[in-house]
Protein chains: 2
Amino acid sequence: MESHKPEDPVVELLTTYNELNSSRIEELDEEPSPLEFMRYVARNTPFVVRRSAQDWTATRTWNAAYLCSTLAGHKVNVAVTPFGNADAPTPDGQGHTIFAKPHEEDQDFGQFLQYLSKRPKEGVKYDMRKRVEKSIAFARIALERDPDAINMWIGNSRSVTALHRDNYENIYVQAAGRKHFVLLPPLFQPCVNEQDLEPATYVRARSVGQARGEEEEGLVLRMDETVDDEASKVPFATWDPDTPEVRATPYSHLAEPMRVSLEPGDMLYLPAMW
Amino acid sequence: MESHKPEDPVVELLTTYNELNSSRIEELDEEPSPLEFMRYVARNTPFVVRRSAQDWTATRTWNAAYLCSTLAGHKVNVAVTPFGNADAPTPDGQGHTIFAKPHEEDQDFGQFLQYLSKRPKEGVKYDMRKRVEKSIAFARIALERDPDAINMWIGNSRSVTALHRDNYENIYVQAAGRKHFVLLPPLFQPCVNEQDLEPATYVRARSVGQARGEEEEGLVLRMDETVDDEASKVPFATWDPDTPEVRATPYSHLAEPMRVSLEPGDMLYLPAMW
């Protein structure tokens, strides 16, 4: 009789998952029905519908000039960071990794767009509830609710979002430009090296008391003042699938990310917790 | 500052689950649509539809006499055990718990029914594909497939099924009599004291070589002959929610089973892995 060395069950789980599941995203030719969508929700599996939103007003008409004239005078909430790294694990220059939150400020939309084209390192979140489709029918019917939020995200070629997960089912539509997603299933949590990070926030240098080193753009990172250091720490993934050697766990090499690039009009179902 | 003792994360998980989820089963007045059903599948949540199958031919017409005349001469596969404990963890009389599999034999249906009414300790599994509805529409449409199996189970007031789980979505319809389910969500796996049990099978005493003690009905339990003892062990729950003090784990007291009794015509959705 052969004796089998019992393998680490986490290794076995992740390896089996990889064997049974493709890291290629499923591509649909047209929007799913509510029932078809619900099958994806039940399986917690992403899909992309190519060119599904190509006839949306947003896809057809939005560009910098159009948005500028339409939203002129509107205030938008802008997340400002020196390196485009909003809500991201960031070295503090002293050998630690901290959780860097952006400087948030309200800007006039026109001012923001000008700023973005000159200094290519910012993002924006704007409630689009009045500007776009109020809901996506297949998702509204399947999930029996209107969207909790409809947000527009504007970035440029240097905008990067750190590996993170949200507790929301998300339908992402690319209106203009291109975005590259790197997706990991919730199961691969052991690969992402989640750590409890001390929170810090970028602030305009002129308003800073204790600064942890000057950055460009006049932004410096200031540790948050917290009542309870342990309770206020932010649990966050510190491993990055695009620099897999850095801050890896013994399981990181088993992660097979799903990569998908969206072109204008493409729609992505990004399941909760991916 | 208060310091919080970190709680066992499994305790926290199970406690939180209990806070957020009722142990009362959801009751529907009528069959769900495929989409409504898919929402339950996505949430991995059971429901019962009261009297949904009251007009089924089975519910209206099946009783011992009817089945006897209809199925007379048909062979059925009968699971025979001395205590009604098919596929159940069973004391071996020497301080160990083993996995007792039933004696299986083909019987004439009429003979089986007579046997059942006299010696109330048997069960039967019979492929009903040709005798009942070929599928249940809402489930066939939602899951995009016909049933893998359509089985009829016949027992009596002393038939008991051990706590177990199946990797199938199951629609259970009560045609006659009454059945009491005790259901646990998959999350409560730490409560059920799963152990690797050595398999044994009931055999008619006359055909037994090494017997581990005589039982009534001429059935004795014989350890299976296996090539690889470790590989052939059966992982099985040994805790019973109806005798919660016996073979409990440190988490068993946190299990809040969902109990539901089915009357004739009631339909139960029993999700995979519950």
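Listed values, structure above:
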{"item": "Any hit, the stretch A:170-178, residues being touching a Cys at 6+ places or on another chain (Cβ under 8 Å), at pLDDT 95 or above and closer than 30 Å to A:P147 by Cβ", "result": "no"}
{"item": "Filter result (modelled with pLDDT of 75 or more, hydroxyl-bearing (S, T, Y) and in a helix (DSSP H, G or I)) within the stretch B:113-169", "result": "B:Y115"}
{"item": "Of residues in the stretch B:253-274 being surrounded by fewer than 18 Cβ atoms within 10 Å (Cβ to Cβ) and of a type outside the set (A, V, I, L, M, F, W, C), the one farthest from the chain's Cα centre (by Cα)", "result": "B:H253"}
{"item": "Residue in the stretch A:49-72 that is buried (at least 19 other Cβ atoms within 10 Å of the Cβ) and closer than 22 Å to A:M273 by Cβ present", "result": "yes"}
{"item": "Every residue from the stretch A:177-198 that is assigned to a loop (DSSP other than H, G, I, E, B) and either in contact with a strand residue (DSSP E or B) (Cβ under 6 Å, 6 or more places away or on another chain) or surrounded by fewer than 17 Cβ atoms within 10 Å (Cβ to Cβ) (or both)", "result": "A:G177, A:R178, A:V192, A:E198"}
{"item": "Long-range neighbours under 8 Å by Cβ, at least six apart or interchain, first residue loosely packed, with under 13 Cβ neighbours inside 10 Å within the stretch B:1-18, second at pLDDT 95 or above and of a type in the set (S, T, N, Q)", "result": "none"}
{"item": "Any chance A:L221 is at pLDDT below 95 and either loosely packed, with under 13 Cβ neighbours inside 10 Å or among the hydrophobic types (A, V, I, L, M, F, W, C) (or both)", "result": "yes"}
{"item": "In the stretch B:141-159, the residues that are exposed (fewer than 15 other Cβ atoms within 10 Å of the Cβ) and in contact with a Leu (Cβ under 7 Å, 6 or more places away or on another chain)", "result": "B:N156"}
{"item": "Test: B:D108 is touching a strand residue (DSSP E or B) at 6+ places or on another chain (Cβ under 7 Å), away from every other protein chain (no Cβ under 14 Å), acidic (D, E) and farther than 19 Å from B:G177 by Cβ", "result": "yes"}
{"item": "Test for A:P34: is it surrounded by fewer than 13 Cβ atoms within 10 Å (Cβ to Cβ) and over 17 Å from A:A175 (Cα atoms)", "result": "no"}
{"item": "Pair list, Cβ under 8 Å, 6 or more apart: the stretch B:140-154 residue within 14 Å of chain A (Cβ to nearest Cβ), other residue surrounded by fewer than 15 Cβ atoms within 10 Å (Cβ to Cβ) and not aliphatic (A, V, I, L, M)", "result": "B:R140/B:D146"}
{"item": "Subset of the stretch A:230-250 that is closer than 13 Å to A:I98 by Cα and within 14 Å of another protein chain (Cβ to nearest Cβ) - its residue that is modelled with the lowest pLDDT", "result": "A:S232"}
{"item": "So A:F99, is it within 14 Å of chain B (Cβ to nearest Cβ) and not in a loop (DSSP other than H, G, I, E, B)", "result": "no"}
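The values are calculated or read from the model by the stated rules, or taken from the named source; none is laboratory data. What you see is a predicted model; the values in this text were computed from it and never measured. Quick reminder, even Gly has a Cβ in these numbers, built from the backbone with ideal geometry, and neighbours come from all protein chains shown.
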